Amino acid sequence: MRFVLVFLFAFLIAAPTVSAADNLKLEGSFTQGGMATGRVAPGSNVRFLDRDVRVSKEGLFVIGFGRDFLNKAELEITSPDGKMTRRLVDIKKRTYKIQRISGLPKKMVSPGKKALERIRRENVWIGKVRSRNTETPWFSAGFIWPAIGPVSGVYGSQRILNGKPRRPHFGVDVAMPTGTPVVAPAAGMIALAKKDLYFTGGTIMIDHGHGLTSVLMHLSRLEVSTGDVVRAGDDIGAIGATGRATGPHLDWRINWFNQRLDPQLLVPPMPKASTAKAKDKKN
């Protein structure tokens, strides 16, 4: 099943517009968890967080700011003629919620030795996907919600699992019954499709290009395989309660390399399910 929302959030995909002052145009969410896209003169080099940033043939690039990102960071641009420009990027600090979750099996909160070995192996797979720096800027066409329903968990929340403090939540949760369709939130290539990872259960990772990846977790059904190319709105699976979950929901996360981003900053407010269904029937 495939549905495409009309609330498409696109990033700088029109013809390049650059500032005459420093040959740079930068737009996005300049806050912890945010993402920004920029345009520079084609052939320019860009550096951010001590890494070379991929720049498309059209001069498009993307950068991201993690949950606890510092309030300032420097962006360095070297134009084709060798002129270097530095831009200080101000990042707004956020306050995060505390989320308490009880009723999880003990092994899912404090895994044993064998489980930890499995988790390490799976984390290597995930790390390899998040280190990809694919040339195609699939992300430039924008993002949509991969599922429609109540938002039951938000990005950045400090999690207390069975009374024990654990890592923050780095995604957005959509609570819907098992079997509810999940679609690709943006175009890209399926970089990982596994039915049973320890923590995340049925898991799909999508490479959106330039170091930007989505992960969709706890799925009950997978409709894609590694290497498939998808468009925003393509059916890729279904909501479930696999892995570490107390009930059926979708956990959607986005990374720019090791910077964990807030998916809700990339899409409009969650539409009402009835509205989305009505519009889907018209398409």
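Derivation of every value follows stated rules applied to the coordinates shown; laboratory data play no part. Keep in mind that what you see is a predicted model, and the values were worked out from it rather than measured. Quick reminder, even Gly has a Cβ in these numbers, built from the backbone with ideal geometry, and neighbours come from all protein chains shown.
Side notes on the structure shown:
- Bridge type composition, the chain - antiparallel percent by DSSP, nearest 5: 95 percent
- Burial order of peptide ranges 77-84, 56-63, 216-223 (average beta-carbon count within 10 Å, highest first): 216-223, 56-63, 77-84
- When each of the peptides 260-269, 115-124 is scored by how many other beta carbons lie within 10 Å of its residues on average, the order from highest to lowest is 260-269, 115-124.
- Inter-label distance, nm, simple model (7 Å from Cα along the C-beta direction), SER225/ARG167: 3.0 nm
- Rounded to 10°, Cα long-axis angle of helix 273-282 versus longest principal axis of the chain: 70 degrees
- On full extension, the segment bounded by ASP235 and VAL124 gains 37.3 nm, given 0.36 nm per residue less the C-alpha separation.
- In the chain, the calculated helix contribution to ellipticity at 222 nm averages -3500 deg cm²/dmol per residue, counting -39,500 (n - 2.57) for every DSSP H run with n ≥ 4.
- Note on LYS114/GLN158: beta-carbon distance plugged into 1/(1 + (r/R0)^6) with R0 of 25 Å gives a FRET efficiency of 0.30.
- In degrees, nearest ten, helix 113-130 long axis to first principal axis of the chain (Cα): 30 degrees
- Normalised by the number of residues in segment 24-90, the average gap of Cα pairs under 8 Å and 6 or more apart makes the relative contact order 31 percent.
- The listed peptides 88-100, 166-178, ordered by packing as a protection proxy, come out as 166-178, 88-100 (highest mean of other Cβ atoms within 10 Å first).
- 3J(HN,Hα) along segment 87-98, derived from phi through the Karplus expression 6.51 cos²θ - 1.76 cosθ + 1.60 where θ = phi - 60°, amounts to 10, 7, 9, 8, 10, 6, 7, 10, 10, 10, 7, 10 Hz, with x in place of Gly and Pro.
- Across segment 139-153, rounded Karplus estimates of 3J(HN,Hα) from the backbone phi angles (6.51 cos²θ - 1.76 cosθ + 1.60, θ = phi - 60°) give 4, 5, 7, x, 10, 10, 5, x, 7, 10, x, x, 7, 9, x Hz, Gly and Pro being marked x.
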